[in-house]
1. In nm, to one decimal, how far is the Asn326 label point from the Glu43 one, both placed 7 Å along Cα→Cβ?
2. Based on the Cβ-Cβ distance of Asn31 and Glu338, what FRET efficiency does E = 1/(1 + (r/R0)^6) give at R0 = 25 Å, to the nearest 0.05?
3. Extending each Cα 7 Å along its Cβ direction at Leu285 and Lys216, get the distance between those two points in nm, one decimal.
4. Just to confirm a number: summing +1 for Lys and Arg and -1 for Asp and Glu over residues other than Lys305 whose beta-carbon lies under 13 angstrom from that of Lys305, what do you get?
5. Count the lysine pairs in the stretch 213-298 that are 8 or more places apart or on different chains: how many have C-alpha atoms under 27 angstrom apart?
6. If I model a spin label at Lys154 and Leu57 as a point 7 Å from the Cα along the Cα→Cβ vector, what separation in nanometres do I get?
7. Lys and Arg at +1, Asp and Glu at -1: add these up for the other residues within a Cβ distance under 9 Å of Tyr59 and post the number.
8. Under a 1.4 Å probe, what is the accessible area of the stretch 195-271 per residue, stated in Å²?
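The values are calculated or read from the model by the stated rules, or taken from the named source; none is laboratory data. Everything numeric here is computed off the predicted structure, so don't read it as measured data. Backbone-built Cβ (ideal geometry, glycine too); neighbour counts: all protein chains shown. Heads up: the accessible areas ignore ligands, DNA and RNA and are worked out on the full protein's heavy atoms, side chains in. Shrake-Rupley method; radii C 1.70, N 1.55, O 1.52, S 1.80 Å.
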Amino acid sequence: MTTSSNDNLISEVVKQLVEKQQDLLRPMIQNSLQEMLEAQMDETIGAGKSKRSGSRLGYRSGYYPRTLLTRVGRISLRVPRDRDGLFSTTIFEKYQRSEKALVLAIAQMYVQGVSTRKVKAIAEELFDEQISASTVSRLTKSLDESLSIFANAKIDEQYPYLILDARYEKVRESGTVNSKAILVAIGVSKEGKRAVLGIELANRESECSWYEFISKLQDRGLSGVQLVISDAHKGLQAGIEQLLTNATWQRCYVHFLRNALGYLPKSADKECLLELRQIFDRFSLEEARISLSNWIQKWENKYQKVVDFVEENIDQCLNYYGYPPNHRIYIRSSNSLERFNQEIKRRTQVIRIFPNEASALRLIRAIGIETHERWITQQRYLNMDELEEFEELKEEKEEEISNEDSNKDLANVA
């Protein structure tokens, strides 16, 4: 089969896959968004459609058509109206923000001559629209303004728990393709809500880049940090030690286990790593240390390298035991941020190579805003009252121990 025939076959397969995706997903998305519009109208006027209610604030007045451009094609919606103009919705703005960023990223690849014929064809199939340079310029300006506001917004609340991590994206720069670090911070506020606090792009995860990233968060008002969760990257550790001096560092135990795996031979007994993993499920620090001691005795003669690594580093992973029991499963690792990074990956793999840094940062910040808005409108992630109660109990115990020691000293003097 010739190259031309192969290209035609691939093009046809892609087209069929896109058409199937559209056929399956478009009606589902359309119905869900239409239901949300109807529910928002009911809430605005205080009554359901054609329902009598003593708390009614207004009356419906038909619909007007609105088209939403998505990755599964165009969706046609009927937006409700009311007589007094009370109703408004943010559905379109929230949904399309990250969609716009994705369109822009693909569009820039095309406009700057970076993309292939297949990328162009797939983009036009997915978005059902020819993309011009003027459209890119107009969309870029409006989107970048809102993203800049998000990136520089003042942080008004305190965030006792802070999670830091980075991922890498391929970016074209001066004719070459380089990996760029995307630095991300999420926090859990004193109200128990998660929030995306910052997203920045750096050449790499260096001490300098992490220092600048954390400094910017503090300049915007980040405060009240008690526990920082991250992996053991040297540059990140240095930034935490220099700037978050009053916070405890919790080394992500998942990353720790991955690091430990590197000290085991490929033929190693799987039970060794499994038992190490189980140490982090113990109810108290005392129980965890007993399990650790038993694990060391069992495996030190067989796998000395991994035992040495664990003995030297595991204390960094056990700091979560100093916090409320119901919080520990959430703060012993950076999994919450890892899931956010997976969502970034799901979106950015459509692009594969970004045409420039601005394009990469634009899409990822748009995803960040989308996630942030979803988190702050959900129920609280953690009950932070438990943290306050736990700290009070800890202070009482410390005071009791101090008083006992003082009494002993007085008794000895007497």
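1. 2.6
2. Numbers: r = 32 Å, r/R0 = 1.27.
After rounding, the FRET efficiency stands at 0.20.
3. If labels sit at Leu285 and Lys216, their model points lie 3.5 nm apart.
4. Working: positive: Lys302; negative: Glu300, Asp308, Glu311, Glu312.
Neighbourhood net charge equals -3.
5. Working: Lys216/Lys234; Lys234/Lys266; Lys266/Lys298; Lys270/Lys298.
The number of close lysine pairs in the stretch 213-298 is 4.
6. 2.8
7. Details: positive: Arg56, Arg60, Arg83; negative: Asp82, Asp84.
That sum, taken over residues with Cβ under 9 Å, equals +1.
8. Working: 3630 Å² over 77 residues.
Ligands and nucleic acids excluded, the result is 47 Å² per residue.
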